[in-house]
Amino acid sequence: MSIEKVKENVYAITDGSTRGNVTAYVLPTQIVFVDSGMNIPLIKKFREHIEQETGKKASVLLITHEHGDHVFGNQIFKDCEIITSEFTHEEMIVSKEKNWTPESIEEWKKNAEDPSSLDGLEIVLATKTFADEYEIVDGDVKVIAKRTGGHTEGSSYVYCPNYKVLFAGDNLFNHQFPWGGPPSANPIKWVAAMKEYLSLDVEHYIPGHGQISNEEPLKEFLDYLEKVISLMKEQIAAGKTEEETLEEAEKIEYYPPREGREQWKIATLKKWYEVLTS
């Protein structure tokens with residue numbers, strides 16, 4: 001685990017050790033963490049390190065969306081307020097009942113690089129939800145969580161205008177192919193989200209996966225998204241079949257999926273096609 005000091009009062013882990021990236025915004029009197037990753041011991045160390053480094057205590061955990069690699073460390077923040085969008089909360093309830101079974105968790109452990117990363121896992125849900133936007137104000141510092149949809153319907157970003165840092169969650173996979181296949185994924189909302197990110201005063205973008213960056217990877221991804229959507233709409237209007245449309249869409253160049261996730265691209269393109277034809 002490598003803890004990166006993004007700038008004064010902002011810390012992050014983006015080296016993949018926690019699977020999903022995690023962030024901490026240090027406010028005047030408290031610490032706001034964003035996402036909790038998928039490695040319980042490392043998230044515990046991350047929290048302890050930031051608290052010791054700053055002399056402040058964690059008070060809030062904001063969750064960007066419902067996937068396990070972003071929420072399985074929630075138990076480290078049981079003494080905090082855990083806040084997410086209403087949609088994400090509902091999806092986590094469903095996953096807790098149907099998907100995050102002891103059997104499936106044991107299977108994840110078997111396939112994990114570090115099987116101990118999920119030892120003692122306890123599924124911890126949000127204690128507070130918001131429909132579209134939530135603000136935390138501490139002195140003259142503000143942190144904004146806003147739901148945009150995109151990767152999932154509940155996908156939210158967390159932005160601190162004072163620090164000019166935005167945590168994008170899985171609406172941003174830097175320099176790698178995104179996972180756009182969740183049931184509620186929507187490429188049109190994704191485009192709007194990327195444009196909103198770029199409209200804000202941001203110096204550092206923290207993705208859900210990949211390294212911290214400036215705006216260039218966002219522009220690259222937005223360009224790719226818009227090309228795919230435009231091509232699909234043209235193919236659909238011309239009466240082309242799904243197979244023909246996907247074959248053409250696959251030719252549009254972009255970063256490849258991560259190793260072991262080669263099926264992501266076709267599943268993502270199929271989902272985007274489904275949305276555009278619904």
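Some points to look at:
- The listed residue being in contact (Cβ under 8 Å) with a residue 60 or more places away in the chain and farther than 23 Å from residue 134 by Cβ, out of 29, 14: 14
- Scan the range 246-278 for residues that are surrounded by 13 or more Cβ atoms within 10 Å (Cβ to Cβ) and over 15 Å from residue 180 (Cβ atoms) and the total you get is 2.
- Selection count, the range 6-35, where residues are in contact with a strand residue (DSSP E or B) (Cβ under 7 Å, 6 or more places away or on another chain), under 19 Å from residue 66 (Cα atoms), part of a loop (DSSP other than H, G, I, E, B) and not β-branched (Val, Ile, Thr): 3
- Looking across 85, 95, 117, one residue alone is among the hydroxyl-bearing types (Ser, Thr, Tyr) and over 19 Å from the mean Cα position of the chain (by Cα). It is 117.
- Given (1) part of a loop (DSSP other than H, G, I, E, B); (2) over 20 Å from residue 108 (Cα atoms); (3) within 14 Å of the chain's Cα centre (by Cα), index of the condition residue 38 fails: (2)
- Residue in the range 65-79 that is of a type outside the set (Lys, Arg) and without any contact (Cβ under 8 Å) to a residue 24 or more places away in the chain present: yes
- Boolean, residue 29 is farther than 16 Å from residue 82 by Cα, in contact with a Pro (Cβ under 8 Å, 6 or more places away or on another chain) and surrounded by fewer than 24 Cβ atoms within 10 Å (Cβ to Cβ): no
- Restricting attention to the range 189-207, the residues that are in contact with a strand residue (DSSP E or B) (Cβ under 8 Å, 6 or more places away or on another chain), of a type outside the set (D, E, K, R) and outside any strand (DSSP E or B) add up to 6.
Quick note: the coordinates plus some simple rules give every number you see, no bench work behind them. Note that the structure is a prediction, hence the values are computed from the model and not measured. Here the Cβ is made from the backbone with ideal geometry for all residues, glycine too, and neighbour counts use every protein chain on show.
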